[in-house]
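Heads up, the thing below is written out as structure tokens.
Rule-based calculations on the coordinates, nothing more; no lab input. Small disclaimer: the values here were computed from a predicted structure and weren't measured. Neighbour counts are summed over all protein chains in view; Cβ atoms, including those assigned to glycine, are modelled from backbone coordinates with ideal geometry.
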Amino acid sequence: MRASVNGIEIEYRLDGPASAPVVMLSQSLATTMEMWKPQLPALTKDYRVLSYDMRGHGRTSAPAGPYSFATLAGDVVALLDHLKIERVAFVGLSIGGMIGQQLAIHHAGRLRCAALCCTTSAIPVTVRPVWDERIAAVEGGGMATQVATTLERWFTAPYRAAHPDVIEWIGGMIANTPVAGFVGCGRAIQGLNITAELATIKLPILVLAGEKDPGLPPAMSAVIHGAIAGSEYAVIPDAAHLANVEQADAFTRLVTAFLARYR
């Protein structure tokens, strides 16, 4: 399904009982809403699940960037308004978790709670040149330049060796991400620095990290947890960045247990 909101066309889908509380899922950079497939069977038993392709990804419009987190969060709010959904439980991974933080800070009235997964509240100044390099590579050679190195960061070596079908599936998402979407979102990530604002969040928050995530390691998630009073925190063993895929059962158990407390 598609919604014309906030100046773009957003692709979304709704699954699960129509009368159940809504859980909204927000994906990683260079994927689509399909990355949440491992969680849908469990979530749709008890919730109405709203999945969407964020700006610049999947079948959603990919205008020229750079994008901002105010805009990316604005897309979420506009979609909720379009669907006449007042409040959701929000689950975001990586940039999805960054969008979740933006929502919790600036649009708290639209959330019941939020799970912030494999994410960070700030990109160190020393890491920002890495984003310049990635963006230059994509602008020069397309998304094919990012597939192999991204998969190495997103999954542990044993998992990659044992699950070639999953690696091909996720690799296809990376390769098919619009260049404008990667660049637009990449610029937003590059400038992220909201740690000082996290103390204003009063919502129930779960912070999850992948034990072996090399790009956004547990120490970054621990900063978020430490800054938000009353937040919950867990590290998923033997998971790199896409913890919801690599350790799907453990991830789903933690998230569903959290969501059940804030229906």
Sorted by chain and number, the residues with a modelled amide H under 5 Å from that of Leu29, at a separation of 5 or more or across chains, are Ile95, Gly96
Subtracting the Cα-Cα distance of Glu86 and Ala108 from 0.36 nm times their residue separation yields 6.8 nm
Computed ³J(HN,Hα) along the stretch 226-240: with the Karplus parameters 6.51/-1.76/1.60, θ = phi - 60°, integer Hz and x for glycine or proline, the list is x, 8, 10, 4, x, 5, 9, 8, 8, 10, 8, x, 6, 10, 8
Phi-derived 3J(HN,Hα) across the stretch 27-38 with the Karplus relation (6.51, -1.76, 1.60, θ = phi - 60°), rounded Hz, x for Gly and Pro, is 8, 6, 3, 6, 9, 10, 4, 5, 5, 8, 3, x
Interchain or sequence-distant (5+) residues whose placed amide H lies within less than 5 Å of the amide H of Gly210 are Cys118, Ile236
Contour minus Cα-Cα span, Thr195 to Arg59, at 0.36 nm per residue, comes to 45.8 nm
Note to self, the chain gives a 222 nm [θ] from helices alone (DSSP H runs n ≥ 4, -39500 (n - 2.57) apiece, / all residues, nearest 500) of -12500 deg cm²/dmol
Quick calc: nm separation of the 7 Å Cα→Cβ label points for Asp15 and Ser68 -> 3.4
Per GNM of the chain with C-alpha springs under 10 angstrom, the most fluctuating residue out of His241, His107, His57 is His107
For Lys37, counting only lysines whose alpha-carbon sits under 17 Å away and dropping same-chain residues fewer than eight positions off, the answer is Lys45
Sorted by chain and then number, the residues having a modelled amide H within less than 5 Å of the amide H of Val49, at least 5 places away or on another chain, are Asp15, Gly16, Val23
Per the rule of 0.36 nm per residue minus the C-alpha distance, extending Lys202 to Arg153 adds in nm 14.4 nm
